[in-house]
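Taking it in order: structure first as structure tokens, then the write-up.
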Amino acid sequence: MSEIELIKLLQLYKEGQIDDSEILETISQLPFQDLGCAKLDTHRGLRCGVEEVIFCPGKSPEHLTTICKAALDMKGLLIFTRVSDDQAALILHELPQAKHYPEPSIIALCKTVPTQLEGIAVVTGGTSDIKVAEEAAVTAELMGNKVERIYDVGVAGIHRLFPYIETLRKANAIVVVAGMEGALVTVVGGLVSAPVIAVPTSVGYGANLGGMTTMLSMLNCCVPGVSVVNIDNGFGGGVAAHLINRKVHGKR
């Protein structure tokens, strides 16, 4: 449950549209919903500003089915990440009203339309980084942000970045997604005053070591104000940008 939904619930109670038993039943489910195989954190949106997220790799069809059935009674936003094709078919069968985003492998069940807050940009070094970048961008959008996408502007042709400098300077948070040597984050970080979240990807040749070289390069970035999340963790980058942007807009 989000902060907005809780306020609406309290308003309905204040106006006498729901009784004591109804509001107590709803509030009693706020800490978490115990499903046996999982405990859905229905309080997370109020506590952390990010609602429940289901990481799908490793979850059996039975576990996902149980979670989907419980989701029917949930309010607000529920995101399934890293969804395989088979898992997508199962989830969409159980939750036909959910929306599938194939490129970032995300499925979202959103029962309320969030306000779109301006202020986030997602940038990639190359086209091969777009899958991870879309995980960041779609995550931020689902959480109520408007996202500017600036793709394939890596240092091999840095002139491609120049037309977007003003867009970057207007952003409150910037997610830079890159593989290879990860140099794009240093370039972007040196041009803006906003926090920059670096997302290393596993895109690269043998010595890239599955993204390890990129991550170490980004950690050694000489520009202050750059933070680095895990390899291919577009979701983490999108959430970090969301939390920064909501604070800028005065959200608790």
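Readers should treat all values here as calculations from the given coordinates under stated rules, not as data from a laboratory. Keep in mind it's a predicted model, so treat the numbers as computed, not measured. Note that each Cβ is placed from the backbone with ideal geometry, even for glycine, and that neighbours are counted across all protein chains shown.
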**Centre separation in Å (Cα based) which lies between region 224-252 and region 95-148** = 13
**Asked** Taking a point 7 angstrom from the Cα of Met212 along the C-beta vector, which residues in region 100-134 have backbone N less than 20 Å away?
**Response** none
**Asked** Any idea how far apart Ala89 and Ala70 come out in nm if each label point goes 7 Å out from Cα toward Cβ?
**Response** 2.6
**Message:** Here is the link list: Lys69/Lys146; Lys170/Lys247; Lys14/Lys69; Lys170/Lys251; Lys59/Lys247; Lys59/Lys99. Which ones come out longer than 23 Å on Cα distance?
**Reply:** Lys69/Lys146; Lys14/Lys69; Lys59/Lys247
**Complete:** Surrounding charge for Phe235, neighbours by C-beta under 9 angstrom, Lys/Arg +1, Asp/Glu -1, total 0
**Prompt:** What is the projected area of the convex hull of the Cα atoms of region 157-210, averaged over all directions, in nm²?
**Reply:** 3.8
**Prompt:** Volume per residue, Å³, of the convex hull around the alpha-carbon atoms of region 117-248?
**Reply:** 82
**Message:** Net charge within 14 Å of Gly58 by Cβ-Cβ distance, Lys/Arg positive one each and Asp/Glu negative one each, not counting Gly58 itself?
**Reply:** 0
